[in-house]
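Worksheet for the structure shown next.
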Amino acid sequence: IRKLLDDEVYNTPTLVAQGKPVEDGVDALLTFNFRTDNEEIHLKEEEGKIDFHNLELVQNVVVGQVLATKEPATTGSAGRTVTNRRLEPKPGVDTPLIAGKNARLSENGLEVTSEINGQVVFHNGKINVEPIYEVRGDVNLETGNIVFLGTVIVGGNIEDGFSVKAAGNVEVHGTVGRAVIEAEGNVIVNRGILGKDEAEIKAGNDIMAKFVEHAKLSAGNDVVVAEAIMHSQVDAGKRVLCVGKRAMVVGGRIRAREEVNAKEIGSKVSTETVVEVGIDPKAREELNKFEEEKREGMKRLDSLSKDIITLQNQKGGGHGVLPPDKEALLQQHMQEKASLDQRISEINEETEEIRSYLNMLQSTGKICASKLVHPGVIVYVKDARLEVKDNFKFVTFIQENGLIKINPYEEYEKAERAVRKKSG
């Protein structure tokens, strides 16, 4: 001030004293690595079309995944007036980071991680990881397709066109329509499967259902059905058991490594029903694919060989010269033929390995019917084949010396216990 007076500085605002402004504290900041609004729907657009099937309502997490982090609240910095009076700051508001079920809070309280594979859910301020995802109603446009790293329980039905894929089990309290189910564990359908020739059900362990119609099933272990398997493609790593009061297998193809057991196989109208045992269904399926590829390849090879001979004859008749377009076509055909020859050679090696494996299987397999096997049923036990021409009652088919042998029905107590346990 003295200097301003000495310098005669007038009518000019000049800073002569300054305090220190208060710096209030910053509130704690929580960052969630997932959607905290569990009802929020995310629609994807592809080529101008909205995909209403994949709503991504389930938020999967894995063990050790960081679910949320926290930046702690700060206390702030005190200020001073121009007379050096202390001005106290307002501290930031703290918000706790809370770990709920199957989630872990770090020692410093700044990070939450998942302890299991499952679904992350934010509820009442807590971060939980659920090993089970429950749909209280149907799987439809409201839920979209479901992909979950645990067990999925559907309280209603799985409607046409939708899929459920789980790392654990899938249990459906209602019916399954033209849908896809994949589970690393078991698939349990309390009512039944109405597949309309497009349903695909796969389980790493067992598939259990009240009935199955027009569907494709594949189980690592058993397929257990209480009432009927109708016009379906069923593969089981161990057994297909259809042993309820009205248990029947009608139409389609049933394959199992150890046993097929039903009350009735086929129908009065001689519906073609193929039943195979004593084989590995997956290996047989792979063998069939290779054989189909080889058939198509051989057809193409035959066509290529004829075209090559024709072009080579034209080249010989033209004093060893072909027009450029035909010469290019000849070279293309020869390259394709060489590739096909190599591929067919590879297929032959692959099919030979699969056949050797199938021949080495210890299980000979058996097909049991406690009531009746109708005409129209084709029975395979390993490599032996029998086309049923007459009714067989109370029968078991096995293989002996390369032929199908017919024995009396063998009541299978273990199968019945398994059914009671799995259906209950």
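The values are calculated or read from the model by the stated rules, or taken from the named source; none is laboratory data. All values derive from a computational prediction rather than experimental measurement. Neighbour counts are summed over all protein chains in view; Cβ atoms, including those assigned to glycine, are modelled from backbone coordinates with ideal geometry. Only protein heavy atoms, including side chains, enter the accessible area calculation; ligands, DNA and RNA are left aside. Shrake-Rupley method; radii C 1.70, N 1.55, O 1.52, S 1.80 Å.
What residues qualify as long-range amide H neighbours of Leu67, i.e. H under 5 Å apart, gap of 5 or more or another chain, H built at 1.01 Å from N? Here Val112, Thr113, Ser114 satisfy the definition.
Label points 7 Å out from Cα along the Cβ direction at Ala283 and Glu346: separation in nm? It works out to 2.2 nm between the two label points.
Using a Förster radius of 45 Å, what is the FRET efficiency between Lys393 and Met298 based on their Cβ-Cβ separation? Nearest 0.05, please. The formula returns an efficiency of 0.50 here. Surface analysis of the range 134-276 yields an accessible area of 37 Å² per residue, using protein heavy atoms and a 1.4 Å probe.
Between rounded, prolate and oblate, where does the range 80-188 land on the alpha carbon gyration tensor, with a ≥ b ≥ c its root eigenvalues, rounded for a/c under 1.5, else prolate if a/b exceeds b/c? Taking the square roots of the gyration eigenvalues as a ≥ b ≥ c, the range 80-188 is prolate.
In a fully extended conformation the segment linking Lys101 and Ala78 would gain 4.2 nm over its present Cα-Cα distance, using 0.36 nm per residue. Shape class for the range 218-293, computed from the alpha carbon gyration tensor (a ≥ b ≥ c): oblate, with a/c not under 1.5 and a/b at or below b/c.
Roughly how many percent of the accessible protein surface of the range 94-249 is carbon and sulfur, given a 1.4 Å probe and a whole-percent answer? In the range 94-249, the share of accessible area belonging to carbon and sulfur is 45 percent. Of the residues Val112, Val121, Val321, the one that moves most in a GNM of the chain with alpha-carbon contacts below 10 Å is Val321.
Placing R0 at 51 angstrom, the Cβ-Cβ distance between Lys268 and Arg136 gives a FRET efficiency of 0.75 after rounding to 0.05. Counting Lys and Arg as +1 and Asp and Glu as -1 over every other residue whose Cβ lies under 12 Å from the Cβ of Lys393, the net charge comes to 0. Counting lysine pairs in the range 129-283 whose alpha carbons fall under 13 angstrom apart, excluding pairs fewer than 8 residues apart on the same chain, gives 7. Residue separation of Asp94 and Thr69 scaled by 0.36 nm, minus their Cα-Cα distance, works out to 7.6 nm of gained length.
Connecting C-alpha atoms closer than 10 Å in a GNM of the chain, tell me which of Leu340, Leu311, Leu97 has the biggest fluctuation. In this elastic network of the chain, the residue with the biggest mean-square fluctuation among Leu340, Leu311, Leu97 is Leu311. Placing Tyr380, Tyr409, Tyr10 in order of accessible area, with the largest value first and a 1.4 Å probe, yields Tyr10, Tyr380, Tyr409.
What residue among Pro89, Thr351, Ala338 has its Cα farthest toward the positive end of the dipole of the chain, where the charges are +1 on Lys, Arg and -1 on Asp, Glu, each on the Cβ? Result: Thr351. The listed residues Glu272, Glu400, once ranked by accessible area (1.4 Å probe) with the largest placed first, stand as Glu272, Glu400. With all protein chains present, how much of the accessible area of the range 295-344 (probe radius 1.4 Å) comes from carbon and sulfur, to the nearest whole percent? About 56 percent, which is the carbon plus sulfur part of the accessible surface. Free of any trypsin sites (Lys or Arg not before Pro) that DSSP assigns to a loop and that have at most 13 other C-beta atoms within 10 Å, the longest stretch within the chain is 269-388.
Counting only residues at least eight positions apart within a chain, or on another chain, the aspartates and glutamates with an alpha carbon under 16 Å from that of Lys389 are Glu264, Glu272. Anisotropy class assigned to the chain is oblate, per the alpha carbon gyration tensor with a/c at or over the 1.5 cut-off and a/b no larger than b/c. A Cβ-based charge dipole, computed about the Cα centre of the chain with Lys and Arg at +1 and Asp and Glu at -1, lands at about 1220 debye. On the basis of the beta-carbon distance and an R0 of 35 Å, Arg86 and Val9 show a calculated FRET efficiency of 0.65. For Asp383, neighbours were defined as the other residues whose beta-carbon sits under 11 Å from its Cβ, and their charges (Lys and Arg +1, Asp and Glu -1) total +2.
Against the criterion of solvent-accessible heavy-atom surface with a 1.4 angstrom probe, Leu217, Leu110 sort, most first, into Leu110, Leu217.
Defining a contact as two alpha carbons under 8 Å apart and six or more residues distant in sequence, what relative contact order in percent does the chain show? Reported relative contact order: 8 percent.
For the chain, take the longest principal axis of its alpha carbons; what is the angle in degrees between that and the long axis of helix 413-423, to the nearest 10 within 0 to 90? Roughly 30 degrees, rounded to the nearest 10.
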